[in-house]
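The values are calculated or read from the model by the stated rules, or taken from the named source; none is laboratory data. No experiment lies behind these values; they were computed from the predicted model shown. Methodologically, a virtual Cβ is constructed for each residue, glycine included, from the backbone with ideal geometry; neighbour enumeration extends over all protein chains shown.
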Amino acid sequence: MLIVYPDYYKQFTCIAGDCEDTCCAGWEIVIDPGSLRSYRQSDVLHKRLLRDINWRKGAFRQCADGRCAFLREDGLCDLYRGLGPDALCRTCRSYPRHTEEFENVREITLSVSCPEVARILMNRMEPVHFLETEDGREEQYEEFDYFLYECLCDARTVMLHILQDRSLDIGVRLLLVLGIAHDLERRYRNGCLFETDDVLRRAQSPAMIQKAGRHIRKRLSDQKRNYSIAKRRFYRMCDLERLRDDWDQLLIETQMLLYVQGASGYAQVHREFREWCARWYPRLTVQLEQLAVYFISTYFMGAVYDGRIYAKADTAVAYVALLYDLFVARWLKNERDLNTEDVIELVYRFSREIEHSDPNLEKMEKYTWWRLIDK
């Protein structure tokens, strides 16, 4: 069994009561069957466990403010304190770790919905690398397209290399990633996956990089189309399931700050934001790179199960674009100022709304965010 994880994985340590937005509030925490049995039989905190667990739903009860019934005012956990760390349910033990499962491979990431993980990633200026280890186990799936999996692995490796090529504009990097996914899916649907190497070689050629640059410049000059795509992308996000009440206020603020001035106003604000970042906040480009690497590395390989190769890359790029607009809106709200703490907050709040709802993830992936071929 191959275990793959990012090189910052071991930097993470839960800061517990010092966290500004605890994971023990706002979400219903589902308890695994083994932990439920243990809680039912426990002599310690027995009455509290019976009272503060919803046994029908198999989840911890929440107080009126959405906080877990075992969460203390100081941000620490009564269950942890009374029964020890081994008594935590699987959800509480594993979060913010997220695992994607493939035959004989486990890919583990840290979710940026955790403020501390978002802080680690958004403060990191070096490119992320992925480490591997083996644990001796073996498994075999009844139906697993290993050839497709290998093709996707090769494609993702090239995608990550492109995303981390800081000699290129971040927009060009994202467009090249979309081009790889587009061409790869077309070959997959036509039964020509053996042409994967040609797709990857072409995507890294100087001619393709120049073409992507021209395409980006054309997009930036087309104010009306740019605005229409951005507004449609934003309003589709507004239609998703809400996990937290305060998310609505952030969406309303973004709408009022970015989209009420029309295409020319939207383009002007973005132009001024780019100029401001180039002078005062150049690290935003690196932060966008880290986010793109995070979303591609987390979700792209899932195409081995459904064949939606382009949709996986398309949605990852859309997440980066949506976050970028949230950053621009916050910059306006702050009277044309933005700092890393703002970025961290917006990243983990966005992730909590999108990544922790299966219906939201599914809806986002079914949208068509970009049309690559504009011939």
Q: Considering every residue within segment 277-285, establish whether at least one is part of a loop (DSSP other than H, G, I, E, B) and either surrounded by 21 or more Cβ atoms within 10 Å (Cβ to Cβ) or hydroxyl-bearing (Ser, Thr, Tyr) (or both).
A: yes
Q) Looking only at residues in segment 206-260 that are outside any helix (DSSP H, G or I) and not aliphatic (A, V, I, L, M), which one is farthest from Arg173 (Cα to Cα)? A) Asp245
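Pick out the one residue from Ile162, Ile108, Ile120, Ile170 that is closer than 15 Å to Gln290 by Cβ and touching a Ser or Thr at 6+ places or on another chain (Cβ under 7 Å).
Going through Ile162, Ile108, Ile120, Ile170 in turn, just one is closer than 15 Å to Gln290 by Cβ and touching a Ser or Thr at 6+ places or on another chain (Cβ under 7 Å): Ile170.
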**Q.** Qualifying positions in segment 1-46 - on the phi > 0 side of the Ramachandran plot and part of a helix (DSSP H, G or I)
**A.** Ala16
Q: Considering every residue within segment 334-344, establish whether at least one is under 21 Å from Ile229 (Cα atoms), over 12 Å from the mean Cα position of the chain (by Cα) and at pLDDT 95 or above.
A: no
Q) Can you name every residue in segment 155-211 that is under 17 Å from Val128 (Cα atoms), of a type in the set (D, E, K, R) and surrounded by 13 or more Cβ atoms within 10 Å (Cβ to Cβ)? A) Arg156, Asp165, Arg173
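Results for (1) under 29 Å from Asp154 (Cα atoms); (2) touching a Leu at 6+ places or on another chain (Cβ under 7 Å), shown as yes or no for each residue.
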position	(1), (2)
His215	yes, yes
Lys218	no, no
Gln268	no, no
Phe273	no, no
Gln287	yes, no
Ile309	yes, yes
Val317	yes, yes
Q. Of all residues in segment 343-363, which are crowded, with 18+ Cβ neighbours inside 10 Å and charged (D, E, K, R)?
A. Glu345, Arg349, Arg352, Glu353, Glu355
Q) Would you say Ala316 is modelled with pLDDT of 95 or more, within 14 Å of the chain's Cα centre (by Cα) and surrounded by 22 or more Cβ atoms within 10 Å (Cβ to Cβ)? A) yes
Q) What pairs can you find where one residue is in segment 1-28 and closer than 30 Å to Val105 by Cα, the other is part of a helix (DSSP H, G or I) and among the charged types (D, E, K, R), and their Cβ atoms are less than 9 Å apart, with a gap of 6+ or different chains? A) Phe12/Glu116; Thr13/Glu116; Cys14/Glu116; Ile15/Glu116; Cys23/Arg352; Trp27/Arg352
Q | Subset of segment 31-72 (residues that are loosely packed, with under 15 Cβ neighbours inside 10 Å, of a type in the set (A, V, I, L, M, F, W, C) and either free of Cβ contacts under 8 Å to residues at least 24 places away in the same chain or touching a Ser or Thr at 6+ places or on another chain (Cβ under 6 Å) (or both)) | A | Leu50, Trp55, Cys63, Ala64
Q: Of the numbered conditions (1) at pLDDT below 95; (2) within 24 Å of the chain's Cα centre (by Cα), Arg81 fails exactly one; give the number of that condition.
A: (2)
Q) Just checking, which of Ile180, Ile170 is under 25 Å from Val328 (Cβ atoms) and not polar (S, T, N, Q)? A) Ile170
Q) If you check Leu322 against the conditions, is it in contact with a Leu (Cβ under 8 Å, 6 or more places away or on another chain) and either at pLDDT 95 or above or outside the structural domain of Ser357 (by TED's automatic domain parsing) (or both)? A) no
Q) Any residue in segment 94-105 that is in contact (Cβ under 8 Å) with a residue 12 or more places away in the chain, hydrophobic (A, V, I, L, M, F, W, C) and in contact with a strand residue (DSSP E or B) (Cβ under 6 Å, 6 or more places away or on another chain)? A) yes
Q) Within segment 120-138, is even one residue among the hydroxyl-bearing types (Ser, Thr, Tyr) and under 17 Å from Tyr310 (Cβ atoms)? A) no
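Search segment 38-68 for residues being more than 21 Å from Cys114 (Cβ to Cβ) and of a type in the set (A, V, I, L, M), and hand back the single one that is modelled with the lowest pLDDT.
Ala64
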